[in-house]
Amino acid sequence: MDSSPVLDTNTLAETCARLIRDGFSEYDARFDAVTRRARQRFERRDWTGSREDAVERIELYDRCVAETSALLESRLQADAADRGLWSAVRDRYATLIADQLDQELFKTFFNTLTRRFFRTRGVAEDIEFVALDIEPTDRITHPVARHSYAVTDDAAAMFQRVLGDYPFAAPYADAKGDAARIAAALQERLADWGEAGVLGIELLETVFYRERRAYLVGRLFGREQHAPCVIALVNEDVGLRVDAVLCTRQHVAVLFGYTHSYFHADLPTIGDAVVFLRILLPGKPLDEIYTVLGRAKQGKTERYRHFFRYLGDQEQQRLIQAEGERGMVMAVFTLPGYPLVFKLIRDKFAYPKNIAREQVREKYLLVFKHDRVGRLIDAQEYRFLRFPRSQFAPALLDELLGECRESVSLDGDDVVVHHCYVERRLRPLNLYVKEVSEAAALAAVLDYGQAIKDLARSNIFPGDLLLKNFGVTRHGRAIFYDYDELCLVSECRFRALPQPRNEEEEMHHGAWYYVAENDVFPEQFPRFLGLTPEQRAALLDVHGEIFDVAWWQALQARLRAGGYADVPPYPEHTRL
């Protein structure tokens with residue numbers, strides 16, 4: 001028999017509110033503890049440990065939610081489904097966190113718990129924090145901690161002071177030379193700033209870490225201009241070295257973009273850093289900034305908030321099937337005026353797809369936890385989204401109700417999407433190359449080849465290399481986004497095409513030789529890409545090795561030996 005004392009509603013609400021607050025605080029402390037390891041990983045060049053930390057931190061949120069849920073269930077028992085009590089808990093919780101700069105993160109943690117307790121479909125305004133009409137950072141006026149410097153006649157000396165203000169256990173190999181190279185690079189790249197050039201620089205005190213690099217993040221000031229500034233550091237056998245300086249919004253936006261893994265930055269608070277980064281990158285959505293800082297759940301909340309606020313203001317717009325070839329595995333829809341797509345797993349897959357629904361989800365989970373090297377789109381998983389039925393184009397609704405019944409249902413005047421992936425909308429590469437100039441198309445095809453190399457060196461094989469499975473960003477980068485055949489390079493069996501031994505084999509329709517599930521024949525890739533002769537010739541000339549079985553086998557050998565290729569997240573011309 002349970003001996004727990006019976007508590008009145010107010011006392012129980014207070015107890016649960018404190019338990020949830022403490023649950024998020026515990027998550028936050030554990031998140032910070034993992035994040036702080038990044039400095040030591042970088043100093044010791046412990047790249048394996050760094051990758052393990054990235055996965056551990058990603059998995060931490062759900063683990064902490066489960067732990068807090070268990071404590072709540074033990075405390076609430078029969079009262080766990082009492083919505084009136086949960087409403088009181090929410091109100092008391094709001095008071096407890098009112099002084100927190102990052103109270104939006106606390107609120108999202110609370111909402112996650114209520115949605116799991118009540119299996120909410122859509123939004124439950126009586127027990128959740130709901131505020132589609134506000135920007136969570138608008139109230140934040142607290143300035144993020146930063147270093148400021150005035151540029152004197154000797155810019156190189158000033159940058160040497162900058163590097164000195166960010167000491168590491170590993171020494172700089174040539175701090176004075178690095179500082180001179182930074183000053184020279186900025187003078188050249190910002191020549192249009194006039195004779196005065198750079199007059200000041202401010203950098204966040206917190207160092208940002210990801211994969212094999214550390215980043216000093218801030219901005220430059222001229223007489224009338226300003227620009228973002230990111231100094232990228234690498235740690236090599238000889239010591240630390242400045243590898244690159246980024247001073248354009250485009251390059252910094254890609255660095256902080258949705259195709260890269262999340263930064264590890266030991267920020268005391270998040271909201272003030274988000275405000276600063278939005279000043280650097282005014283065109284970047286708020287949700288993507290939260291996400292790239294490792295606060296993926298808050299990123300999901302902001303993405304939801306912004307999209308449904310927009311949808312509510314656009315009652316005449318209809319959700320439609322996304323442009324591009326119809327997917328065999330996923331049904332994809334979008335809102336024409338908004339840069340997102342929603343991807344739902346079909347109930348049945350067309351031939352020759354031979355994969356189960358759960359395997360598709362495992363592929364997306366692999367990408368979520370993997371180093372995306374700027375070539376895999378970050379797909380966020382959502383459950384139980386509620387849309388007005390009236391905003392679906394008839395053809396789309398027929399497709400979803402007919403082919404995605406495991407993921408979609410009707411509830412009165414609403415459509416409930418039980419499970420989907422939401423990601424940024426890109427222009428399919430097979431359409432893009434037909435719409436742009438010959439020069440732009442050729443550049444995209446060559447970047448497609450580079451994307452395959454970058455993915456391969458990070459141990460990812462796309463599986464299906466058709467152009468339709470890649471998209472093009474507004475910066476012209478080729479990104480892979482169709483994951484149902486994706487696998488690890490180390491799991492593939494790369495083979496040369498067998499040569500026919502007789503006329504019967506030579507004339508045989510289809511493959512006369514045995515092909516196992518993981519067999520890959522790189523020589524065949526160019527035959528199915530649909531490129532013009534000029535594009536194909538250029539691709540073979542610049543990236544011909546991706547069609548050579550020996551290149552793939554040598555790469556496999558390096559990966560199996562523990563080799564980890566470095567894929568710089570910025571263009572070659574930004575390097576020093």
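The values are calculated or read from the model by the stated rules, or taken from the named source; none is laboratory data. Note that this is a predicted model, so its numbers are computed, not measured. Every residue, glycine among them, receives a Cβ derived from its backbone with ideal geometry; neighbour counts consider all protein chains shown. Surface accessibility is based on the protein's heavy atoms, side chains included, excluding ligands, DNA and RNA. Shrake-Rupley method; radii C 1.70, N 1.55, O 1.52, S 1.80 Å.
Laid out as a table, the results:
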read-out	value
Exclusive hit being in a helix (DSSP H, G or I), modelled with pLDDT of 95 or more and closer than 15 Å to Phe342 by Cβ, set Leu446, Leu400, Leu431	Leu400
Options Asp79, Asp126: the member that is open to solvent by 50 Å² or more (accessible area, probe 1.4 Å) and in a loop (DSSP other than H, G, I, E, B)	Asp126
Subset of region 532-562 that is assigned to a loop (DSSP other than H, G, I, E, B) and within 23 Å of Ala496 (Cβ to Cβ) - its residue that is most open to solvent (accessible area, probe 1.4 Å)	Ala561
Total residues in region 210-269, condition in a helix (DSSP H, G or I) and surrounded by fewer than 23 Cβ atoms within 10 Å (Cβ to Cβ)	5
Tabulated pairs, region 509-535, first within 14 Å of Leu466 (Cβ to Cβ) and at pLDDT below 75, second surrounded by fewer than 14 Cβ atoms within 10 Å (Cβ to Cβ) and of a type in the set (Lys, Arg), C-beta under 6 angstrom, 6+ apart or interchain	none
Inter-residue pairs, beta-carbon under 8 Å, first on the phi > 0 side of the Ramachandran plot and in region 398-411, second at pLDDT below 95 and of a type in the set (Lys, Arg), 6+ apart	none
Any pair with Cβ under 7 angstrom, 6 or more apart, that starts in region 415-443 at a residue that is farther than 30 Å from Arg389 by Cα and ends at one that is part of a helix (DSSP H, G or I) and β-branched (Val, Ile, Thr)	Val433/Val445; Ala441/Val433
Out of Ala191, Ala145, Ala169, sole residue that is open to solvent by less than 80 Å² (accessible area, probe 1.4 Å) and more than 30 Å from Gln103 (Cα to Cα)	Ala191
Sole residue being within 27 Å of the chain's Cα centre (by Cα), modelled with pLDDT under 90 and among the acidic types (Asp, Glu), chosen from Asp566, Asp484	Asp566
Flag for Thr108 being in contact with an Asp or Glu (Cβ under 8 Å, 6 or more places away or on another chain) and of a type in the set (Ser, Thr, Tyr)	no
So Asp378, is it surrounded by 15 or more Cβ atoms within 10 Å (Cβ to Cβ) and either part of a helix (DSSP H, G or I) or free of Cβ contacts under 8 Å to residues at least 24 places away in the same chain (or both)	no
Condition check for Glu104: under 27 Å from the mean Cα position of the chain (by Cα) and either part of a loop (DSSP other than H, G, I, E, B) or closer than 17 Å to Thr9 by Cβ (or both)	no
Residue match in region 38-61 (condition: under 30 Å from Pro167 (Cα atoms), among the aromatic types (Phe, Trp, Tyr) and open to solvent by less than 10 Å² (accessible area, probe 1.4 Å))	yes
